[in-house]
Amino acid sequence: LLLECSFLLYTGAGDPRKNLKGLIEAYSLLPQKFQHFKLVLAGKLIKPELELIDSWIRFYGIDEANVYKTGFITDDDLVVLYRSCYLFIFPSFHEGFGLPVLEAMSCGAPVIASNTTSIPEVIGNVKAMFDPRDPKTIKQLMQKVLSNQDFRQELIINSKEQSNKFSWSRT
């Protein structure tokens, strides 16, 4: 079902540092013409996190049918999501490294993410980063990708080039 539509992807946990509230608020701020893009939250979320996410979806007036919560997902299915998403968004306030960002980039996804902690080193492109404390800046960058095919292509190229700089052998 997801692969039949254009979707925005987040993968990871649901703890407060991941800033899902900021992502959901930013998604709610997108103009109506972008409402055909679904928001997919991939990963195992516990019941209190799901309840909180559902409350934010209602609070920000988002059609519940536009937000998919996948639950646990296998590595193989995750690769399919990374390769199929229109845009990968990672709004975390704090990361030790930001492995989901690198995974998405390694799969060729266009990626935008927070400009905090270790994430800029992984992203390597200041034009692909936003202030995670400001949902309006997240929304602006999302909208830029959704409305500018050249910029989206630039992010795809950045993903390929930047992900090649990282490897387990170098680590």
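The values are calculated or read from the model by the stated rules, or taken from the named source; none is laboratory data. The structure presented is a predicted model; accordingly, all values stated were derived computationally and were not measured. Neighbour counts run over all protein chains shown; Cβ positions are idealised from the backbone, glycine included. Just the protein is used for accessible areas: all its heavy atoms, side chains included, with ligands, DNA and RNA removed. Shrake-Rupley method; radii C 1.70, N 1.55, O 1.52, S 1.80 Å.
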Subject >> Interchain or long-range residues, amide H under 5 Å from residue 6's placed H >> reply: 38
Subject >> Three-way shape call for the stretch 128-171 based on the alpha-carbon gyration tensor, with the a/c threshold at 1.5 >> reply: oblate
**OP:** Sort out for me the Cα centre separation of the stretch 110-171 from the stretch 41-86, rounded to whole Å.
**Re:** 20
**OP:** Using DSSP to define loop residues, name the GluC sites (Glu not before Pro) in the stretch 72-149 whose beta-carbon has at most 15 other beta-carbon atoms within 10 Å.
**Re:** none
Original post:
What accessible area per residue, rounded to a whole number of Å², is obtained for the stretch 1-101 using a probe radius of 1.4 Å?
Top reply: 50
Original post:
Under a point-charge model restricted to the Cβ atoms of Lys and Arg (+1) and Asp and Glu (-1), what is the dipole moment magnitude of the chain relative to its Cα centre, in debye to the nearest 20?
Top reply: 300
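Can you say what percent of the DSSP beta bridges in the stretch 1-93, counting only those with both residues inside, are antiparallel? Round to 5.
Among the beta bridges of the stretch 1-93, antiparallel pairing accounts for roughly 10 percent.
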Original post:
Which percent, to the nearest 5, of DSSP beta bridges fully inside the chain are antiparallel?
Top reply: 5
Original post:
For the chain, which whole percent of the accessible surface, found with a 1.4 angstrom probe, sits on carbon and sulfur atoms?
Top reply: 53
**OP:** Would you list, by chain and number, the lysines whose Cα falls below 23 Å from the Cα of residue 47, excluding same-chain residues fewer than 8 positions away?
**Re:** 18, 21, 38, 69
